[in-house]
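Okay, structure first, notes after.
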Amino acid sequence: MQRRALVLTMTMTLAWTLAGCAKPPQAAIDAAKQGLDGARSAGAGTYAAESLRAAEDAAVRLDTELKAEEEKAAFMRSYKKAIELAEAAQLAAQKAAAAAEAGKRRAKQEATFAIEATREAVGQAKAAAEKLPKSKAAQAARPGVESDLAAAETALAEAESALAAGKLADAKAKAAAAGVAVEKAKAGLDEAVKAPAKGRR
């Protein structure tokens, strides 16, 4: 009886000792959460949405594993898998942050190119407007063309301000709006040039 009691006592002591060692890997958990916050702060939601989703999914798997272990009896808990999931979540967050930075660089290049190309198109359209035929029909189109070009220049100025402020998505959107206005101005110029020929028929 004494030997059995001793074995039982030793078994319980070992179980409680293991339970005391089986604690959530808080440092790894915190690192994973900080990595995810960093990816979001880096703009991953805008410039690397797919990578951010992967990191968020990894964080969800970590949370699910932690909750599953918490529901077990203390001496049955093991956080080996949680440590692996925390490391995977942190790595996914780091990848998302890196992808966001790459996306920003790409967006900046695209916005800069769009602004420069549209600025050149505006200059060409203004030069063409100066060469409009003197016919009444052609000159009647001038106000509309000039209005469209003014709208394009306003949108370009807004795009450049957004680019300077690091608002790359806004810069691209404003540059696109300027491009639409330029195309409208070009269409007006084409109609104005054709107008004299139409008038002679």
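The values are calculated or read from the model by the stated rules, or taken from the named source; none is laboratory data. Predicted model only: the values in this text are computed from it and were never measured. Every residue, glycine as well, gets a Cβ built from its backbone with ideal geometry; the counts of neighbours run over all protein chains shown.
Suppose we filter Gly43, Gly38 for residues that are more than 29 Å from Ala177 (Cβ to Cβ), under 14 Å from the mean Cα position of the chain (by Cα) and not assigned by TED's automatic domain parsing to the domain that holds Leu156; which single one remains? Don't jump to the end; show me each part of the working.
Details: Gly43 fails: more than 29 Å from Ala177 (Cβ to Cβ).
Testing whether each residue is more than 29 Å from Ala177 (Cβ to Cβ), under 14 Å from the mean Cα position of the chain (by Cα) and not assigned by TED's automatic domain parsing to the domain that holds Leu156 leaves just Gly38.
Please specify each residue of region 2-47 satisfying the condition of being part of a helix (DSSP H, G or I), at pLDDT below 90 and among the aliphatic types (A, V, I, L, M). Give the derivation first.
First, the residues of region 2-47 that are part of a helix (DSSP H, G or I): 2-21, 26-41, 44-47.
Restricting the remaining residues to those that are at pLDDT below 90 gives 2-21.
Once the filter is applied, which keeps residues that are part of a helix (DSSP H, G or I), at pLDDT below 90 and among the aliphatic types (A, V, I, L, M), region 2-47 yields Ala5, Leu6, Val7, Leu8, Met10, Met12, Leu14, Ala15, Leu18, Ala19.
It is to be established whether one or more residues within region 158-166 are exposed (fewer than 15 other Cβ atoms within 10 Å of the Cβ), part of a helix (DSSP H, G or I), touching a helix residue (DSSP H, G or I) at 6+ places or on another chain (Cβ under 9 Å) and at pLDDT below 90.
Keep residues of region 158-166 that are exposed (fewer than 15 other Cβ atoms within 10 Å of the Cβ), which gives 161, 164-166.
This time we only want the ones that are part of a helix (DSSP H, G or I), so: 161, 164.
Narrowing further to those that are touching a helix residue (DSSP H, G or I) at 6+ places or on another chain (Cβ under 9 Å): 161, 164.
When the remaining residues are screened for being at pLDDT below 90, the result is none.
Checking region 158-166: not a single residue is exposed (fewer than 15 other Cβ atoms within 10 Å of the Cβ), part of a helix (DSSP H, G or I), touching a helix residue (DSSP H, G or I) at 6+ places or on another chain (Cβ under 9 Å) and at pLDDT below 90.
Answer yes or no as to whether Leu149 is outside any helix (DSSP H, G or I), closer than 22 Å to Glu191 by Cα and outside the structural domain of Ser51 (by TED's automatic domain parsing).
It is false that Leu149 is outside any helix (DSSP H, G or I), closer than 22 Å to Glu191 by Cα and outside the structural domain of Ser51 (by TED's automatic domain parsing).
Pull out all pairs, ordered by first then second residue, where Cβ-Cβ is under 9 Å, the residues are six or more apart or on different chains, the first lies in region 101-113 and is in the same structural domain as Ala169 (by TED's automatic domain parsing) and among the aromatic types (Phe, Trp, Tyr), and the second is surrounded by 13 or more Cβ atoms within 10 Å (Cβ to Cβ) and assigned to a helix (DSSP H, G or I).
Once the first residue is in the same structural domain as Ala169 (by TED's automatic domain parsing) and among the aromatic types (Phe, Trp, Tyr) and sits in region 101-113, its partners that are surrounded by 13 or more Cβ atoms within 10 Å (Cβ to Cβ) and assigned to a helix (DSSP H, G or I) give Phe113/Ala175.
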